[in-house]
1. Considering only the other residues whose Cβ falls under 13 Å of the Cβ of residue 149, what net charge follows from Lys and Arg at +1 and Asp and Glu at -1?
2. In terms of the ratio Rg/(2.2 N^0.38 Å) built on C-alpha atoms, what value belongs to region 1-69?
3. Would you mind ranking 185, 130 by Cβ crowding within 10 Å, fewest neighbours first?
4. Give me the extension gain from residue 6 to residue 224: residue separation times 0.36 nm, minus the current Cα-Cα distance, reported in nm with one decimal.
5. How do 19, 111 rank when sorted from fewest to most other Cβ atoms within 10 Å of their own Cβ?
6. At residue 45 and residue 204, where each label point lies 7 Å from the Cα along Cα→Cβ, what is the point-to-point distance in nanometres?
7. Taking Cα pairs under 8 Å and at least six residues apart, what relative contact order does region 12-58 come out at, in percent?
8. Going by how many other beta carbons lie within 10 Å of each one, how would you line up 45, 92, fewest first?
Amino acid sequence: METYETVISSAAFLADLNSLNTAIADALRAAGEPVAINGNVCYPHLKEDFHLGDLSPLMEAKRRALVVLAQRSTCFVEVGVAGGHALLIALHANPDIKCIGIDLAQRLRASWPPVEVFVPATFEWFRSHYPHRTLMLQEEAISGLSKVVTDQPFGPVNLLHLDGDKRNRFAELRTIWPGLAEDAYLMQGDTRNGHVVADTNAMMAQGLAKPVDDKEIQAIAAKNFQCLEIGKNVYAQSLTLDDLIGKRVLLCVAHQDDETLFAGGLLDALKGRATVTIASFFALPKGAKTHIPVVLLWRMLATTLVPHASSTPLLLKSTTGV
């Protein structure tokens, strides 16, 4: 497979990039709008006359990751197509990949650029230039993803880019789940957004995603995007609470506040499933006659949470004072 530098500097990619950007710019001018689009893998957000500038250096890591992931994939689905630059990079990174773009193309906020103008222009460009390798769906994300699952126009999806609604990532992953390959990748933007963080945590907590265990991808990580492993094989490797039914669980804590936190969360979830032993790894306060946090913890366990826990939590006094 070609390197990132070879892909991004090739005559074929640069010609397509210029052609796509020209189509977008012409559509915006015809509508009386500034030539500016959403920030994406190639250009800064709302940069006027973006098509005359260079590729954004801040997004280089994401472009590099996209090239690597596209070269490992056969079907790429993107939610939030905007100018289509991620799709274009994928098409040039891997001559065998097929791409599906989903975008509602409606300006839902006044601060947004005119997506109702340039997204349809983007879709038409791909339909014209890559009719057999792309499918463009102008509809809401869940609806479009459901259609991909039902129709499977290019087979199982092994690369997913969620870069649209920041409040719906978990639902989007759940929708496309039946259409995923056994092993797949998820790429996300806006990873510091609170909604995205919460949804990503939910994905991993429920065994639907995990951090990428790949040195090549890890080496090009950056704060403005995230790559996760997804798919049925990831889920098969995950541990659920029901896997602990009838098991003996040793729960180790190392800070005096952890007992309360665990007692109100993890231990409550284990109730009725497993036999739990608590081990506390920190020294008693100087001059203390009793370990008050552990005593309080036990009272809570014995009365409200895990009555089948071991009769006395273990107190393993630290020899280091930590």
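What follows draws every value from the coordinates through simple rules; no lab data is involved. What you see is a predicted model, and the numbers here were worked out from it, not measured in a lab. Don't worry about glycine lacking a Cβ; one is built from the backbone with ideal geometry, like all the others, and counts go over all protein chains shown.
1. 0
2. Here the answer is 1.19, to two decimals.
3. Numbers: 185 27, 130 17.
Starting with the residue having the fewest Cβ neighbours, the order is 130, 185.
4. Length difference between fully extended and current span is 76.1 nm.
5. Details: 19 14, 111 7.
By the 10 Å Cβ count, ascending, the order reads 111, 19.
6. My value for the distance between the label points is 2.4 nm.
7. 27
8. Going from least to most buried by this count: 45, 92.
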